[in-house]
Amino acid sequence: MTQRVARAGIVFALLFVLYQSAEGVGGRLLHSFPVQASLMLACVLVAWPLSRWLGYRGYGAYALDCAPASFVWLGAGLVVACAAKGLAIGVGEKLGIYAATGASFSAAGFAALGAGLPMLLLSTFVPSIAEDILARGFWYRAAGIRWRRGLAFVVFSAGYFVLNHIYRLDRGPTEWLMIFCMGLAYATALWRTGTLWAAVGLHWGWNLANGVLDPLLPADTLDVHGSNLLTVAVHLLLVALLLGVPASRRHAATDAR
């Protein structure tokens, strides 16, 4: 048991250092996107042998499986998150939080999106899954914690999700609340479905939608705090929807390796 805990601690430390060094070293110290991207990708790639070291198949230590249903959850999460982001922009413009800066769904917007979409897909997927492994998948299974209540896991994971954004903590309480509620939605997705792919779908979908909708629905943010609170509301709506999903019987550390 002591060896198991020690190994889990080493795995977390390695993943944490790689993830945080992507921005801390690659972005802020060296100001190098290639270095930043390489460190973030390394976090995802290194997670595989570390999962094997803990005794799991593939990325199983983080609840990333190859079941067809799990990839359905991934796709559904992408669609729902993109729709949620579109809803937030529409409501935000009505409330004066955002102001349109150009024509919606213009030919130029679609052309710009088409040119940048391949890189956008990759540049949003890798950071999303890396953080999902660290903030949700690890605590759900690799840490070896037998969560007896879904609420305990969801709140803990969401709290850690806030702390994991160490370079954004200086932005104040509405930023913390926004990140916490995003974490609630993504952790709930994992708990209800039993697969991290559901959380990845929502998280990746939200990040992807930011890039996809920028050229299609160009707008400026007039009220940062209002934008944060709107994101809070949308993600709490996602939590409510997820609570309607039948709970998976594949839970946390009780899963067979």
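The values are calculated or read from the model by the stated rules, or taken from the named source; none is laboratory data. Being a predicted model, the structure only gives us computed values, none of them experimental. Note: ideal-geometry Cβ built from the backbone for every residue, glycine included; neighbour counts use all protein chains shown. All accessible areas refer to the heavy atoms of the entire protein, side chains included, with ligands and DNA or RNA removed. Shrake-Rupley method; radii C 1.70, N 1.55, O 1.52, S 1.80 Å.
So here's what we get for this one:
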| item | result |
| --- | --- |
| Long-range amide H partners of residue 248 with built H, under 5 Å | 193, 194 |
| Structure-based [θ]222 nm, the chain - -39500 (n - 2.57) summed over DSSP H runs of at least 4, per residue, nearest 500 | -23000 deg cm²/dmol |
| Residue among 83, 63, 198 with the largest mean-square fluctuation in a Gaussian network model of the chain, springs linking Cα atoms under 10 Å | 83 |
| Fraction of accessible area attributable to carbon and sulfur, the chain (%, probe 1.4 Å) | 70 percent |
| Amide H contacts of residue 98 (H built 1.01 Å from N, under 5 Å, at least 5 apart or other chain) | 93, 222 |
| Residue 219 long-range amide H proximity, modeled H, under 5 Å | 101 |
| Most mobile of 65, 223, 170 in a GNM of the chain (Cα contacts under 10 Å) | 170 |
| Trypsin sites (Lys or Arg not before Pro) within region 35-120, DSSP loop, no more than 14 other Cβ atoms inside 10 Å | 57 |
| Label of the coordinate-derived value, log10 I(q)/I(0) by the Debye sum over Cα atoms at q = 0.07, 0.15, 0.16 Å⁻¹, listed as (1) -0.54, -1.14, -1.22; (2) -0.24, -1.13, -1.27; (3) -0.38, -1.07, -1.17 | (2) |
| Exposure rule at most 13 other beta-carbon atoms within 10 Å, DSSP loop chymotrypsin sites (Phe, Trp or Tyr not before Pro): the chain longest free segment | 1-104 |
| Relative contact order (percent, whole number), the chain, Cα cutoff 8 Å, 6+ residue spacing | 29 percent |
| Net length gained if the chain between residue 57 and residue 241 were fully extended (0.36 nm per residue, minus Cα distance) | 63.1 nm |
| Distance between region 9-65 and region 69-98 - C-alpha centres, whole angstrom | 27 Å |
| Cut-off 14 Å between beta-carbons: net charge of the residues surrounding residue 157, Lys and Arg +1, Asp and Glu -1 | +2 |
| Solvent-accessible area per residue for region 120-163 (1.4 angstrom probe, square angstrom) | 39 Å² |
| FRET efficiency, residue 33 to residue 170 (Cβ-Cβ, R0 30 Å, nearest 0.05) | 0.85 |
| Normalised contact order of region 58-175, rounded percent, pairs of Cα under 8 Å and 6 or more residues apart | 34 percent |
| Rounded, prolate or oblate (a/c below 1.5 giving rounded, otherwise prolate when a/b exceeds b/c) for region 120-183 by Cα gyration tensor | oblate |
| Residue 94-residue 48 FRET efficiency (beta carbon distance; Förster radius 45 Å; 0.05 resolution) | 0.50 |
| For region 141-148, 3J(HN,Hα) per residue [Karplus equation, 6.51 cos²θ - 1.76 cosθ + 1.60, θ = phi - 60°, Hz, x = Gly/Pro] | 10, 4, 5, x, 7, 8, 5, 8 |
